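A quick write-up on the structure given underneath.
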Amino acid sequence: MAAFRMDGVTVVDHPLVAHKLSIMRAKETSTARFRQLLREISTLLCYEVTRDLPLEPYPVETPVGPTTGQKIEGKKLVFVPILRAGLGLVEGMLDLVPSARVGHVGLYREPETLDAVEYYFRAPEDVADRLCVVIDPMLATANTAVAAIERLKERGVTNLRFVCLVASPEGLERLRGWHPDVPVWAAAVDERLNDHGYIVPGLGDAGDRLFGTR
Ligand code: URA
């Protein structure tokens with residue numbers, strides 16, 4: 001398949017990501033393995049989504065003498081998983097950025113219409129001053145991603161990024177259409193959505209596979 005290209009979309013085409021994602025796609029992969037691989041891939045996605053964060057210098061005293069260190073500028077960033085499958089990406093991201101804050105947006109897809117319905121929202125009080133990285137393994141119709149970002153914007157957030165594992169071309173079009181200011185990172189862009197709003201070939205229901213439900 002030709003490399004997918006769209007403005008504002010970064011496909012993280014790293015061999016480790018491709019290897020791990022292929023195992024996750026296989027229907028016989030166990031819940032434990034799926035969960036572990038999602039955590040591992042999320043660290044790699046986190047590495048990429050933070051690649052251009054601005055640094056500021058500060059003085060450091062080594063055992064030998066003074067030098068200038070670098071630290072990430074500004075307030076601690078916020079990871080915002082979309083419940084529930086987004087939770088599978090949180091621990092891996094916190095492994096790399098342990099001081100990040102974590103907000104939560106609870107949204108489910110209404111089965112008939114596939115519309116996003118909110119049932120939970122919690123974010124740091126000063127969320128508007130921080131970079132928010134919204135995370136969800138599957139960007140399918142993008143209804144939930146669009147709604148989660150809308151909600152954060154209502155709280156005054158202006159610096160947003162979106163990270164997913166598998167995206168559909170339709171979902172990317174929709175998300176970029178509604179929120180062109182929000183860049184997206186994905187491990188893969190698949191062929192299409194089916195009539196039930198599932199990504200083809202995808203990996204099935206990410207929440208069910210992560211938590212062993214059905
Ligand atoms: N959500 C999932 O978990 N999988 C899909 O394919 C689409 C939405």
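A few comments on the model shown:
- Search result, residues across region 159-184 that are in a strand (DSSP E or B) and crowded, with 24+ Cβ neighbours inside 10 Å: 162, 163, 164, 165, 167, 184
- Counted residues, region 13-34 - those being within 17 Å of the chain's Cα centre (by Cα) and either more than 17 Å from residue 202 (Cβ to Cβ) or modelled with pLDDT under 95 (or both): 2
- Selected residue (only one of 89, 107, 114 is part of a loop (DSSP other than H, G, I, E, B) and touching a residue at least 12 places away in the same chain (Cβ under 8 Å)): 114
- Test result for residue 156, over 29 Å from residue 26 (Cβ atoms), loosely packed, with under 14 Cβ neighbours inside 10 Å and small (Gly, Ala, Ser): yes
- The number of residues in region 117-141 that are small (Gly, Ala, Ser), in contact with a strand residue (DSSP E or B) (Cβ under 9 Å, 6 or more places away or on another chain) and either in a helix (DSSP H, G or I) or within 16 Å of the ligand (Cβ to nearest atom) (or both) comes to 1.
- Test result for residue 140, small (Gly, Ala, Ser), within 18 Å of residue 205 (Cα to Cα) and at pLDDT below 95: no
- Residue, nearest to the ligand (Cβ to nearest atom), within region 191-204, restricted to residues that are more than 23 Å from residue 3 (Cβ to Cβ) and without any contact (Cβ under 8 Å) to a residue 60 or more places away in the chain: 198
The values are calculated or read from the model by the stated rules, or taken from the named source; none is laboratory data. Since the model is a prediction, treat every value here as computed from it, not as a measurement. When we count neighbours, we look across all protein chains shown, and the Cβ atoms used for this are built from the backbone with ideal geometry, even at glycine.
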